[in-house]
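Nothing in this text is a laboratory measurement; each read-out follows from the coordinates by a stated rule. Being a predicted model, the structure only gives us computed values, none of them experimental. Using ideal geometry, Cβ is built from the backbone for each residue, glycine included, and neighbour counts are taken over all protein chains shown.
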Amino acid sequence: MTKQVKPSFEEIVIKLEPEQRFFYQRECDGDIVLVDEINIFAYAKQITLNGTQFYVDYEDKNIRKAEDRSYMNFELNLLGEYSEGDV
């Protein structure tokens with residue numbers, strides 16, 4: 001018997017401590033973002049990474065902090081479901 005789970009429409013916000021933060025390189029322009037917050041929208045199957053953006057000039061070897069924060073949205077796709085006991 002399958003138990004019905006009522007979907008939650010609440011956003012989950014995870015604020016990362018300094019030692020948990022990580023860099024993510026944006027595909028659109030090569031800039032890097034120091035991610036300090038993760039938002040999970042379970043009902044929409046989306047995750048958003050938020051953080052401080054840095055412009056990167058690879059030719060001049062220069063990094064400059066952007067004034068605005070950066071937001072990167074990802075859509076989740078289920079690739080499969082399994083349990084440790086499944087073969």
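Amide H contacts for Glu37 (H built 1.01 Å from N in the peptide plane; partners 5 or more residues away or on another chain; cut-off under 5 Å): Leu16, Asn50. Only lysine pairs 8 or more places apart, or on different chains, with alpha-carbon atoms under 25 angstrom apart are counted in the chain, and they number 4. P(r) for the chain, from all Cα pairs and a bin width of 10 Å, is 14, 34, 28, 16, 7, 2, 0 %, short bins first.
The local environment of Gln25, defined by Cβ-Cβ distances under 15 Å, has a net charge of -2 under the rule Lys, Arg +1 and Asp, Glu -1. Taking the Cα centre of the chain as origin and assigning +1 to Lys and Arg Cβ atoms and -1 to Asp and Glu Cβ atoms, the resulting dipole is close to 280 debye.
Lys/Arg Cβ at +1, Asp/Glu Cβ at -1, dipole of the chain taken about the Cα centre: which of Tyr43, Val33, Pro18 is farthest positive-ward? Sorting the options by dipole projection puts first Tyr43.
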